[in-house]
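Contents: one structure, followed by commentary.
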Amino acid sequence: MSDHRTLSNGSRWLAGLGLFIVIFMSVSIAFYAIAFQARLVGDPSFHLRFDASPLFPSLHVIGGAVVLMLGGLQFWGALRRNYTKVHRWMGRIYLSFVLIGGIGGLVLAPQSNGGVVAHFGFGMLAVLWMFSGWQAYRSIRQGDVEAHRGWMLRNFAMTFGAVMLRIYLGLFAAAGVEFAEAYQTVAWIAWVPNLILVEWYLVLMSQGKSRGRKPQNA
């Protein structure tokens, strides 16, 4: 029994560390987005493009910043258990800004660098981001907590694409790949692998629960 408890405690510690890293990285990119919106950082050419039609870029940047700030915290168990009302209000704000950021992202997708491949990748991301947010809201309104958790995991996997996008762009730049060429690939790999990992995790969790419900033979 002691080995099992040690493994369980170690798994919880690793999960907590992983969540902390995810929250830290997400909040860091959120602050970068806020600084970008305030014109404190970023390529001047991007600012000039966005200044020509500022509404939808602002919706996307501000919406993305808010969801990055709040998203990881929604998976913090202690917050859900001990501050249920705070968790619910944060969830409402999160999903509202997913819609705001998603609309901005969908409008911006055809204007992104990287050609049609990137346009389609970012457009698909915006649509699925908003769809999964709606499903998360719909499932919790119906009282289906398990389905709500699954849809929120999927949604945040796509939210975290904002972090992975910058990591991948940095790696491509270090490898000497041209920005426009890299953007075609990053438009997909920033979020699709995240979704695959979440789906794999949800399948494993479902299989574990199914095994746990099987009657034990004497």
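Just so it is clear, none of the values below were taken in a lab; they were calculated from the coordinates. Here the structure is a predicted model, which is why all the values come from computation and not from measurement. Every residue, glycine among them, receives a Cβ derived from its backbone with ideal geometry; neighbour counts consider all protein chains shown.
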Full extension from residue 201 to residue 166: what is 0.36 nm times the residue separation minus their Cα-Cα distance, to one decimal in nm?
10.2 nm
Largest fluctuation, 89, 13, 129 only, Gaussian network model of the chain with Cα springs under 10 angstrom, belongs to 13
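Going by average Cβ density within 10 Å per residue, which order do the peptides 188-198, 49-59, 169-179 take, highest to lowest? All intermediate terms of the calculation are to be shown ahead of the outcome.
On the way: 188-198: 17.3, 49-59: 14.6, 169-179: 11.7.
Those peptides, ordered most packed to least, come out 188-198, 49-59, 169-179.
Classify region 36-83 as rounded, prolate or oblate from the Cα gyration tensor: take a ≥ b ≥ c as the square roots of its eigenvalues, call it rounded if a/c is under 1.5, otherwise prolate when a/b beats b/c and oblate if not.
Values: a/c = 5.31, a/b = 3.16, b/c = 1.68.
Verdict is prolate for region 36-83.
With a 10 Å Cβ neighbour count serving as the proxy for reagent exposure, in which order, fewest first, do 21, 100 appear? Walk me through the intermediate numbers first.
Values: 21 11, 100 19.
Result, fewest neighbours first: 21, 100.
Which helices pass in the chain if a helix is a full DSSP H run, must span at least 24 angstrom along its long axis by Cα, and must have mean Kyte-Doolittle hydropathy not below 0.5? Walk me through the numbers before you get to the answer.
Numbers: long enough: 2-37 (52 Å, 0.86); 84-108 (35 Å, 0.97); 115-141 (39 Å, 0.75); 192-213 (32 Å, 0.21).
Length and hydropathy pass: 2-37, 84-108, 115-141.
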Highest mean first, how do 131-140, 75-84 rank when packing is the count of other Cβ atoms within 10 Å averaged over residues?
131-140, 75-84
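Can you give the FRET efficiency to the nearest 0.05 for residue 175 and residue 43, using r as the Cβ-Cβ distance and R₀ = 22 Å?
Numbers: r = 20 Å, r/R0 = 0.90.
Rounded to the nearest 0.05, the efficiency is 0.65.
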Length gain on complete extension for the stretch residue 83 to residue 52, per 0.36 nm per residue less the alpha carbon to alpha carbon distance?
6.8 nm
Cα convex hull of the chain: mean projected area in nm², to one decimal?
15.2
